[in-house]
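For reference, the structure is listed below as C-alpha cells.
The values are calculated or read from the model by the stated rules, or taken from the named source; none is laboratory data. All of these numbers come straight from a predicted model, not from anything done at the bench. Here the Cβ positions follow ideal geometry from the backbone for every residue, glycine too, while neighbour counts run over all protein chains shown. What goes into the accessible areas is simple: the full protein's heavy atoms, side chains included, and nothing from ligands, DNA or RNA. Shrake-Rupley method; radii C 1.70, N 1.55, O 1.52, S 1.80 Å.
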Amino acid sequence: EDKKLKTDQLLMTAPVSVGDIVLGKFFAALGVFLLGALITVIYPITLAFYGELPIAETISCYIGFILLCSVILAIGAFMSSLTDSQIVAAVTTYGIIIFILLLGTAAQYIPNETISSVLLWLSPIQRFSDFTLGMLNFEPVIYYLSLTGMLLFLTMMVFERRRLR
C-alpha cells in the first residue's frame, strides 16, 4: 500500500534506517497479533478455575504459537516487499504458508529417507509438536527465531535495493 500511495518515498528519504522501517512494521503487526492472542488467554484462565489445566503445555503452546506466527508475519512482510499489490502479496503469502504446512505431510509419502528427513527438518509444524507436549526445547525456538530473522533481513535487503534506485 505504501508503494501505491507513494508514501514509501517519504519513508525511504526519512532519516531512519531501513532496518528501523522493517522492524517497526514487523513489530506493529506482531503487536496487533499479540493483542488478539492476549484475548484468548481468558479461556485457559476460565478452565483453570473450573478444572485442571496443564500449565506447562498451555504456556508452551502459547510460546510456540507466537513464534510460529512471527515466522508467518515475516513471510508476509517479505512477500509484501516484493510486490506492489496487496492482493498478490496476500495470495503468495498464503501459498507459501500452505506449502510449508504441507512439508511434513509430503515427507511421509516420499520413499527416499534423506529427502524425507530434510522435509521433516524444514517443516515448522513438525517443530511445533514439541510445544504441544509442554517441552520447551531450544532447537525449535532457535529455528523459528532464525527463520524470522532471515526473512526480515531479506525484507531489509529488498528495501535497501529499492532505496538505492
*Convex hull of the stretch 94-152 built on C-alpha atoms - directionally averaged projected area, nm²*: 4.7 nm²
*Tell me the label-point distance for the pair TRP121, PHE65, using the 7 Å Cα-to-Cβ offset, in nm and rounded to one decimal.*
3.1 nm
_Portion, in percent, of the accessible area of the stretch 48-161 that falls on carbon or sulfur, probe 1.4 Å_ = 73 percent
*So what is the calculated 222 nm ellipticity per residue for the chain, using -39500 (n - 2.57) for each DSSP H run with n of 4 or more, over all residues, to the nearest 500 deg cm²/dmol?*
-27000 deg cm²/dmol
_Only helices at least 27 Å long along their own axis, judged from Cα atoms, and with Kyte-Doolittle mean hydropathy of 1.6 or greater: name those in the chain from DSSP H._
18-39, 55-82
_Relative counts (whole %) of C-alpha pair distances in the chain, using bins that are 10 Å wide_ = 9, 30, 31, 20, 8, 1, 0
